[in-house]
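Take a look at the following structure, please.
The values are calculated or read from the model by the stated rules, or taken from the named source; none is laboratory data. This structure is a prediction, so every number in the text was calculated from the model and none was measured. Neighbour counts run over all protein chains shown; Cβ positions are idealised from the backbone, glycine included.
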Amino acid sequence: MPIFTFMGANVLQQDDEYSAHVIEQTVQRVIPPLVKSLHRQAQASSAVGIVAGVAELVSSFATAYRHIPVHRRSRLFIKLTDTLGADEFLYVILAMLAEKYFEVGQSSGLGTIDKDQEITTFGKGIASAFGEETQLLAVVNYLDIINEVLQNRPDGVSSYIFDNIKEASTEARATIALKLFRMLASVLDSEKLRAQVGRRLGEGDMDSERIRFYFSSALEKLLALSSVYLNGSLHDVLGLVMENLLGLLSTPEFVKVIETLITNSQFRRSALATFRERVASEHRADGPSRLAVLGITPKIAMILTSVDCPVELKADALSCITAVTTKYGKRQPDVIFGLAQIVTGEGALRSADQGLRVMALVCLTDMTACLAGRILPIVPKTVPFSLELLETSGAGKSLIYNAVFAFLETLVNTIPSFMSSYLQKMLKGAWVSTVRSKTDIGSDDENEVEVCGDEVTQELRTSLLDTITKKMDVKAVMGAMTATWADAVKHGSAAVKEHLATLTSLLSTANKSQVQKMHPLLAGFFLEAFDVRKQVFEKKEGVDINEDEMDEIEGLCLTTGLQMVMKLNDTTFKPMFLKFSDWAAGEFKVGVDTNDRDVLFQRSITFYNWLNLLSGNLKVSIDPLLVNNELIFCVSSLSSRNTTPLFSPPPSLSSPPPSRQRNLPPHMPSPPSSPSSAPSQPLSPLIPAISGPLQSTSASSPQPSCPPSPSSLSLPFLLPHSQPQSPNSPHPVQAQKINSRL
């Protein structure tokens, strides 16, 4: 041993040919009898192993590594390893080099600098000089050393390889293990080794069985370590080593190994996770590889049917099925359909565990995309249960909402005609999801609710509703939205806004012919929607909207109604307008107590807000004479509420009364004042009958004894403007007519 100590301090650092020759001859002539002597000692005494005797010799070369000329390093260490015996000492040399020269990064331990990359590349070069069987055997022994280091075994081989390992702390041992793993990952990441292993395994002889045995042993040791270190730097580098190790096998061989591992309860979860990662990362799959993966997947799915399997293992199985469906589902739909039958069972979708339900829905979403119309037999087993999940309440429902929305959207995209029977329940579930309990956001009061702020849930819900409006029958969707309006109002302003946004999308998607054909349905809906203001001020049960939110909600209703009007013609809109005017005036037909008038006038406010919006946006004027006696009575009643007359003489005609200004929502601008230079417009014959004081102030107006009946109004319904107007600024004549009505 003093010979090699002297060589490490002197001769190994020389760069002349003579020194290189001396070193080579010494290695060839001195080391073989030394190894034989160590073997005899190992047989005579179990306390002294051959590795313990060679460790000091290898340490002399490893210590001198930095001082050996670069162009002589590789040849010298390969010669040293070959002379010692690669099967027995390759892993020792690699471990010693890694421990001495690999420097761990400061952040995660995975970062490397140039000299770190240099030592790992050097180690890979030494290993690749030997056969694939020798390298895999070295990997198995190398993992044993790492395990000894982490378990702090003082009598192990590692105590002879690494200096002061017995006194090292737990953190120091973890650092050494991290260095060793990085070297191992580099050795396994070899194209040459991958080609050698694939060729040998393809031969199918006895040598291939040894290769398979070494591989399985190495994989088991890795899985055992990964089950202990579930996070941190060691977990990350373990995943890298696992990925590189499994990358050595072809897919059929890989599947055979996994099939063996999933029968062992100790390694089932790790084996399933490895299988999932391999399937997901597979770029190109030939026929044998695809058949091998699809062949093992039903065996993995049987885990879901087992009552004794833990929830975590079933979750891993579901993730594997999802990965296989995504990768190979369209090639083998029959296999995927059989898997779907299992996923809809008690072990997955109908499980009591919410996490399994979410994963099952994600899996079914991918299956629907692969099976297309073949998913139809699965729909009755999945959709009703999914809709029940939407309607139930509980903590942590965002994941359920997200999974159900994605699943339903895929079904609507795939088989829209078969989803009509579930349309109302889908919309109700969407409105329910706009609110969530305080338990979802960490509040102490579980009875409180607030608008659901999950951006992912909002995005998925909106995507589902948009898909419904685009893929399904327009009339069916409109009928379902009318039927679910009360549910939206019940769940608050967020649900109402979502409902109106969906209706806006539906109206923009439908053409004019479709809108005109369903105008009775639309009229019924908007009569109900416009009545929200009155319901809010009545504090009606089942209406969860605050008065502070009313103006915004009403503005959305009116804007959506305007979008409908844009696609109607005169024939369809005229009776609809009369129906709205009857609706607004109908609340005055029955005598009521004066104290209730603040509630009763809310319909009139909504109607006039809508009338103002129509007048400001349409290119034609709504004739002010097209009002019935009930509406006249409405205006008269509105006038009687105020201490000042509703209508003033013509000079101030353009200014709306104070009560009207207070009731205007923020989105509705007040009618602009007419220019002072504009000539006075003659007032309608109805106005004097409505407001008595005006009879004496307008000499040019006729003096009828009573208001005319609606049947006597035969003027045109719409009068075109004489000149174009800005969409944001009503024509002065039009504004004056609006004020006349007010």
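So, in the range 96-109, of the ones that are buried (at least 19 other Cβ atoms within 10 Å of the Cβ) and assigned to a helix (DSSP H, G or I), which residue ends up modelled with the lowest pLDDT?
Looking at the filtered set, the residue picked out is TYR101.
Scanning the range 47-95 for residues that are farther than 22 Å from LEU136 by Cα, buried (at least 16 other Cβ atoms within 10 Å of the Cβ) and among the basic types (Lys, Arg), which turns out modelled with the highest pLDDT?
Residue satisfying both the conditions and the ranking: ARG73.
Next up: Select from the range 559-585 the residues that are assigned to a loop (DSSP other than H, G, I, E, B) and touching a residue at least 24 places away in the same chain (Cβ under 8 Å) and write down the one among them that is farthest from the chain's Cα centre (by Cα).
First, pick out the residues of the range 559-585 that are assigned to a loop (DSSP other than H, G, I, E, B): 566-569.
With the extra rule that they be touching a residue at least 24 places away in the same chain (Cβ under 8 Å), the set shrinks to 567-569.
On the way: LYS567: 37, LEU568: 40, ASN569: 43 Å.
Taking the candidates together, the pick is ASN569.
Would you check if there is a residue in the range 512-522 being hydroxyl-bearing (Ser, Thr, Tyr) and in contact with a helix residue (DSSP H, G or I) (Cβ under 6 Å, 6 or more places away or on another chain)? Spell out how you get there, then give the answer.
Within the range 512-522, the first condition is being hydroxyl-bearing (Ser, Thr, Tyr), and the residues that meet it are 513.
Subset that is in contact with a helix residue (DSSP H, G or I) (Cβ under 6 Å, 6 or more places away or on another chain): none.
Looking for residues that are hydroxyl-bearing (Ser, Thr, Tyr) and in contact with a helix residue (DSSP H, G or I) (Cβ under 6 Å, 6 or more places away or on another chain), one finds none in the range 512-522, hence no.
Go through the range 326-339 and report how many residues are in a helix (DSSP H, G or I) and either modelled with pLDDT of 95 or more or over 23 Å from the mean Cα position of the chain (by Cα) (or both). Give the derivation first.
Our first condition is that a residue be in a helix (DSSP H, G or I); within the range 326-339, this holds for 326-328, 333-339.
Of the ones still in play, those that are also either modelled with pLDDT of 95 or more or over 23 Å from the mean Cα position of the chain (by Cα) (or both) are 333-339.
Count: 7.
Report whether or not ILE211 is touching a residue at least 12 places away in the same chain (Cβ under 8 Å), crowded, with 21+ Cβ neighbours inside 10 Å and more than 42 Å from the chain's Cα centre (by Cα).
Numbers: touching a residue at least 12 places away in the same chain (Cβ under 8 Å): yes; crowded, with 21+ Cβ neighbours inside 10 Å: yes; more than 42 Å from the chain's Cα centre (by Cα): yes.
Yes.
Being at pLDDT 85 or above, out of contact with any Lys or Arg (no Cβ under 6 Å at 6 or more places or on another chain) and among the β-branched types (Val, Ile, Thr) is the filter here; which residues of the range 117-160 pass it?
ILE119, THR120, THR121, ILE126, THR134, VAL139, VAL140, ILE145, ILE146
I'd like to verify a number: residues in the range 178-208 that are buried (at least 16 other Cβ atoms within 10 Å of the Cβ) and either over 21 Å from PRO288 (Cα atoms) or touching a His at 6+ places or on another chain (Cβ under 8 Å) (or both), how many?
Total satisfying the criteria: 14.
Within the range 110-129, is there a residue that is under 41 Å from the mean Cα position of the chain (by Cα), polar (S, T, N, Q) and buried (at least 18 other Cβ atoms within 10 Å of the Cβ)?
yes
So the check is Cβ under 7 Å with 6+ separation or different chains; which pairs have a first residue in the range 214-241 that's in contact (Cβ under 8 Å) with a residue 12 or more places away in the chain and part of a helix (DSSP H, G or I) and a second one that's surrounded by fewer than 17 Cβ atoms within 10 Å (Cβ to Cβ) and of a type in the set (Phe, Trp, Tyr)?
From residues that are in contact (Cβ under 8 Å) with a residue 12 or more places away in the chain and part of a helix (DSSP H, G or I), the pairs are LEU238/TYR229.
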